[in-house]
Amino acid sequence: MIRLHYSNRTEALLARFVEQLRAQRAVTHALEPVQVIVPNRNMEAYLERGVAEALGVSANLRFARLERFMGSWLERALPDLRILDRTAYESLLLTLLHDPARLAAPSLHEVREYIDAGANADARDVRRVQLARRLGHLFEAYGFTRPELLEAFMAGELGTQHPDYVGTARWEGALLREITAAHAPRPVFAPRAHYVPLATAFNALAALPSVSSPVAEGLLFPESERAARPRLHVFGVSYVARVFQWLYGALGQVADVDLYVVNPCMEVWEDVPSESELRAARRLPRRGAPRALEPADGEDPRPSRDEHLALHQADEPPLLVAFGRPGREHVHLLNELTQADFEPCFVDPAASAEAAGREPSVLEALQRDILLRAPVADAPLTPRSVRDSSVRFHACPSIRREVEVVAGEIWRAVRAASETNAPLGFHEIAVLLPSDARDEYLPHVEAVFAEAHAIPHSVVDLDLASTSRVVDACLALVELPLGRFARPEVLALITHPNVLANMPEASIDDVRQLVSELGVFYGLDRDELADTYVDEDRLNWEQGLLRVALGELMSDSRSPADLGLPLGDSHYLPVSTDPSWARSFSLLMRGLIADVRFARGEARPLRQWAEFFAGMWEGYVLPGGDAEQSELRSCLGAARSLVERDVAALPVSYRVASMLVGEALAGMGATRGDYLADGVVVSSFLPMRAIPFRQTFVLGLGEGAFPARDTRDTMDLRLERRQLGDVRASERDK
C-alpha cells in the first residue's frame, strides 16, 4: 500500500515522519532497522537530527538512495540479471569501442569515423573514453525517462522518425544492442551476467507470479525476520523519473510505502499552465472563427487548448506559472499511484502572524497565495502598512560584492534577532550558490567570511579534489606519465607537502636548488633528447641522478676547466649535497622514473592498472594525519573501482586508465565542517532545495546566469519532444 503525505513545509513532513516512526516502532522489535530513501546526504543528516530532537535518539535508521535501493531489490528478485547503470554502460561501451571487428557493422559507420578522426593513438583513446562517458550518461537517462526508447532499440527499431534524430538513433540503438547481446564480453567479476536496462528488469519482475507474495517481501528486506508487513519511507525526493513512479507501484504491492513530498499548493493545481505552455499556446493558430456566446449545433462547447490556457494566464499565482512545472508534473505522477488519495499536513504560512495580531509579511502572503492557489486580483495592490524585509533583492556588480553583501546581512540579521525572544543561530542560515559557478564563488565566500569577523560556516557538497592535498598529490602522480617529465611539473610534484615528506630533512628550497644545479630541464634520459642539438648526456633526469650518486663517492673539487668524470661519450661533474636526504631524493626520483616507464609501456587490463595506481599512491603520498589517512583510503577505493570496469580483461592504454581513475577521483565528495551545526550552511542549490532555514541567501541570480540555458544536443534523443516528468536545466534551477 502507498500512503502519500503532502505538505508545503518540510518541517511538517518531518513531524509526520516521526509520528509514523513511533507507530512502526510500537509493532516491531526495537532493533528492527527502518528503511528510509533520501535524495542525498544532506537530507539524511536533516532527518537524523530531526528524529533525535523529537525522540531523544536516532537509531536503526537505514538510509539509501533511490536508484541503488531499487537496483539491488531488482537484482535480488532476478538473480540472472544485472541492471545497467552509468558505470556498466560506460565499461561495456568502452570495450566495444576498442574492438574494430565489432565496430565494422554498417550501422556504426559514424562511430568508426569519429574515433578514426583522432590524429594518433592517444587522441583516439581520448575520443573512446569521452564517447563512452557521454553515452553512459545518456543511456542511463533514457532508462529513467525514456524506457520505451531503449525497448525500441533492443527490438531493432529506431524509436523516432524525426529527421534530426534518426541518424543518431540508428547508431545509438546499434551500440545498445551490441553491448546487451548474449555474445558480448562481460565484466571480469560477473562473466556470465546478463545486463539489461532498468525498465526491462522491471517488466521481468512484473511478470513473476510471486511479485506480491511473501517471497518478494523477503527479497525487499532479505535480513528481516519480522512478522509484520515490511515498510519503506521515501522522504524529500523533489522529483524522480517516470520509471521510478512505476517502481513505487511495484513496491506498494509487497510493502507499505510512505512518500513524504513537498507540495507548495494544497489545491488541485495540475491544470495550472507553465510559461512555456502559454508561449506555445500563443504561437498556435486559432481554430476557426471566434466562438459565439452559445455553441452552434454539433460544436464542441469546451474551449480549445490555447483558449483554455489563456483563461488561466491572468488568474493563477505567477510563481506557480513561472516555476512550478516540474513540481506540478511530479505531483501528477504521484497522484496517479493513489488515485489522488493523500494525507495532507499543510501549514498556513501566515497563521502565526494573524495569531500574533500583525499583518503577514510579504513572504508569508506570497506563500499563502501559492498554498491556496489564490487568484490574482484585478484591482491594484493595496499599499502595505509596514514595509518588511522578508524578500529582498540586491544588485551587485561582482561576485566579491555579492558575498560581501551577504556577510553584512548575516551579521545584521543575527544582531537584530538577538534583541528578540527568538535569537537566530548561524546554523539556521543558508547561503546557496549556483551549481555551475560554485568553484568561482567558494574562494570569495571563504575569504569574505573570514574577514567579516570570522563568520562560522560549513561547506557541503564539495569536490574532495578541490580541497584535499592528498587527492591533489594523487592526481599529480596520475598526470606525470602523460607529460614530458619537465622540470616544472616534476618539481611541483616532489615539493608537494605529502610527497616531500619522503625527504623529511629537505626543504622545498633545498630541492629546487639541487635541481637547478643539476641542470635538469626535461626528459627521463638521453634517449628522449635524440635527434636534437644536445650531443652529450645533458638536461635529463638520469644524468642528474648519476651526478648526485657520483657526489657521494667523489669530492666536489672541480676547477673552472674541469670537465668531470668521462663515462662513454660524456663527462659528468659530481654534485655533492646533504647526505641526510640525497639518497632519499635519488630513490624517490628513480622510483618515479621507473613508474613513468612502466606507464608508458604496453597496454594492460584495468585490474592491473588499478594495482599500479594503488601502489604508486601508497608508495609516494604520505598522509599527515587521520583526516588525510582517510582521504588516502578514499583514493585507494577509487583505484579499486577500476576493477569493476574491467571487461573481459581487455588491455587498455595508460591514457584510458588515467582518464577513468581521474573521473573517479573527481567524483569524490567532501564536507568542510559539521553540517547543520558549525554555523552558516554554504552549498549549491540542488542538494538543499527541500531543507528549511530561517534565513536564506541565494547568489548568482544575475541575467544570463539564472536560469541555466537549455542546450541543444542532437545526441540526446529526449530533446525531440518533452514528456511528462522531464526536467530541463532551466526548469531545474527554477
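Taken together, the residues in the range 31-64 that are loosely packed, with under 15 Cβ neighbours inside 10 Å and either without any contact (Cβ under 8 Å) to a residue 24 or more places away in the chain or part of a strand (DSSP E or B) (or both) amount to 6. With respect to the conditions (1) within 30 Å of A476 (Cα to Cα); (2) out of contact with any Ser or Thr (no Cβ under 8 Å at 6 or more places or on another chain), D674 falls short on a single one, namely (2). Once the range 530-572 is narrowed to residues that are modelled with pLDDT under 80 and touching a helix residue (DSSP H, G or I) at 6+ places or on another chain (Cβ under 6 Å), the residue that is surrounded by the fewest Cβ atoms within 10 Å (Cβ to Cβ) is D537.
For the range 604-628, filtering for residues that are open to solvent by 50 Å² or more (accessible area, probe 1.4 Å) and either touching a Cys at 6+ places or on another chain (Cβ under 8 Å) or touching a residue at least 40 places away in the same chain (Cβ under 8 Å) (or both) leaves 3. Of the residues R597, R633, the single one that is assigned to a helix (DSSP H, G or I), exposed (fewer than 14 other Cβ atoms within 10 Å of the Cβ) and either touching a strand residue (DSSP E or B) at 6+ places or on another chain (Cβ under 6 Å) or in contact (Cβ under 8 Å) with a residue 24 or more places away in the chain (or both) is R597. Return yes when A199 is modelled with pLDDT under 80 and not aromatic (F, W, Y) and no when it is not. The answer is no for A199.
Is the range 8-15 home to any residue that is open to solvent by 20 Å² or more (accessible area, probe 1.4 Å), within 22 Å of S683 (Cα to Cα), touching a residue at least 60 places away in the same chain (Cβ under 8 Å) and under 23 Å from the mean Cα position of the chain (by Cα)? Scanning the range 8-15 turns up no residue that is open to solvent by 20 Å² or more (accessible area, probe 1.4 Å), within 22 Å of S683 (Cα to Cα), touching a residue at least 60 places away in the same chain (Cβ under 8 Å) and under 23 Å from the mean Cα position of the chain (by Cα). Restricting attention to the range 104-119, does a residue exist that is crowded, with 19+ Cβ neighbours inside 10 Å, under 16 Å from L176 (Cα atoms) and among the hydroxyl-bearing types (S, T, Y)? The answer is no, given that none of the residues of the range 104-119 is crowded, with 19+ Cβ neighbours inside 10 Å, under 16 Å from L176 (Cα atoms) and among the hydroxyl-bearing types (S, T, Y).
Hey, does the range 642-654 have a residue that's part of a helix (DSSP H, G or I), free of Cβ contacts under 8 Å to residues at least 60 places away in the same chain and on the phi < 0 side of the Ramachandran plot?
Start the filter on the range 642-654 by keeping residues that are part of a helix (DSSP H, G or I), which leaves 642-645, 654.
From what's left, free of Cβ contacts under 8 Å to residues at least 60 places away in the same chain: 642.
Right, trim to on the phi < 0 side of the Ramachandran plot and you get 642.
Checked against the condition, which is being part of a helix (DSSP H, G or I), free of Cβ contacts under 8 Å to residues at least 60 places away in the same chain and on the phi < 0 side of the Ramachandran plot, the range 642-654 yields at least one hit.
Selection of the range 65-88 for residues being over 24 Å from the mean Cα position of the chain (by Cα) and in a strand (DSSP E or B) yields only L81. Taking the range 659-687 as the range and being at pLDDT 85 or above and more than 20 Å from the chain's Cα centre (by Cα) as the test, the residues that pass are G679, V680.
Would you tally the residues in the range 515-529 being within 27 Å of R600 (Cα to Cα) and either open to solvent by 50 Å² or more (accessible area, probe 1.4 Å) or touching a Ser or Thr at 6+ places or on another chain (Cβ under 7 Å) (or both)? If you could, list the steps in order and put the result at the bottom.
Keep residues of the range 515-529 that are within 27 Å of R600 (Cα to Cα), which gives 515-516, 518-529.
Imposing the further condition that a residue be either open to solvent by 50 Å² or more (accessible area, probe 1.4 Å) or touching a Ser or Thr at 6+ places or on another chain (Cβ under 7 Å) (or both) reduces the set to 516, 521-522, 526-528.
Within the range 515-529, residues that are within 27 Å of R600 (Cα to Cα) and either open to solvent by 50 Å² or more (accessible area, probe 1.4 Å) or touching a Ser or Thr at 6+ places or on another chain (Cβ under 7 Å) (or both) number 6.
Taking the criterion of being part of a helix (DSSP H, G or I) and either modelled with pLDDT of 95 or more or open to solvent by less than 20 Å² (accessible area, probe 1.4 Å) (or both), would at least one residue in the range 154-164 satisfy it? No, that holds for no residue.
Selection of the range 456-514 for residues being in a strand (DSSP E or B) and surrounded by fewer than 19 Cβ atoms within 10 Å (Cβ to Cβ) yields only D463.
Considering only residues of the range 715-734 that are part of a loop (DSSP other than H, G, I, E, B) and touching an Asp or Glu at 6+ places or on another chain (Cβ under 7 Å), which is least open to solvent (accessible area, probe 1.4 Å)? Among residues in the range 715-734 that are part of a loop (DSSP other than H, G, I, E, B) and touching an Asp or Glu at 6+ places or on another chain (Cβ under 7 Å), the one least open to solvent (accessible area, probe 1.4 Å) is G725. Suppose we keep only residues that are among the hydroxyl-bearing types (S, T, Y) and under 23 Å from F63 (Cβ atoms) within the range 209-255. Which one would you say is modelled with the highest pLDDT? In this case the residue turns out to be Y248.
For the range 253-280, the candidate set comprises residues that are small (G, A, S) and open to solvent by 10 Å² or more (accessible area, probe 1.4 Å); within that set, the residue that is nearest to L66 (Cα to Cα) is S276.
Residue-by-condition table, conditions (1) out of contact with any helix residue (DSSP H, G or I) (no Cβ under 8 Å at 6 or more places or on another chain); (2) over 29 Å from L636 (Cβ atoms); (3) of a type outside the set (D, E, K, R):
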{"residue": "A664", "(1), (2), (3)": "no, no, yes"}
{"residue": "M668", "(1), (2), (3)": "no, no, yes"}
{"residue": "V681", "(1), (2), (3)": "no, yes, yes"}
{"residue": "R689", "(1), (2), (3)": "yes, yes, no"}
{"residue": "P692", "(1), (2), (3)": "no, yes, yes"}
{"residue": "V698", "(1), (2), (3)": "yes, yes, yes"}
{"residue": "L701", "(1), (2), (3)": "yes, yes, yes"}
{"residue": "A705", "(1), (2), (3)": "no, yes, yes"}
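Considering only residues in the range 324-359 that are polar (S, T, N, Q) and over 32 Å from the mean Cα position of the chain (by Cα), the one that is farthest from L371 (Cα to Cα) turns out to be Q339. The strands (runs of 3 or more DSSP E) located wholly in the range 666-714 that include 1 or more residues which are among the β-branched types (V, I, T) and open to solvent by 20 Å² or more (accessible area, probe 1.4 Å) occupy 669-672, 695-698.
The values are calculated or read from the model by the stated rules, or taken from the named source; none is laboratory data. Computed from a prediction, not measured in an experiment: that's the story for all the values here. Here Cβ is always computed from backbone atoms with ideal geometry, including for glycine, and neighbour counts include all displayed protein chains. Accessible surface areas use protein heavy atoms only, side chains included; no ligands, DNA or RNA. Shrake-Rupley method; radii C 1.70, N 1.55, O 1.52, S 1.80 Å.
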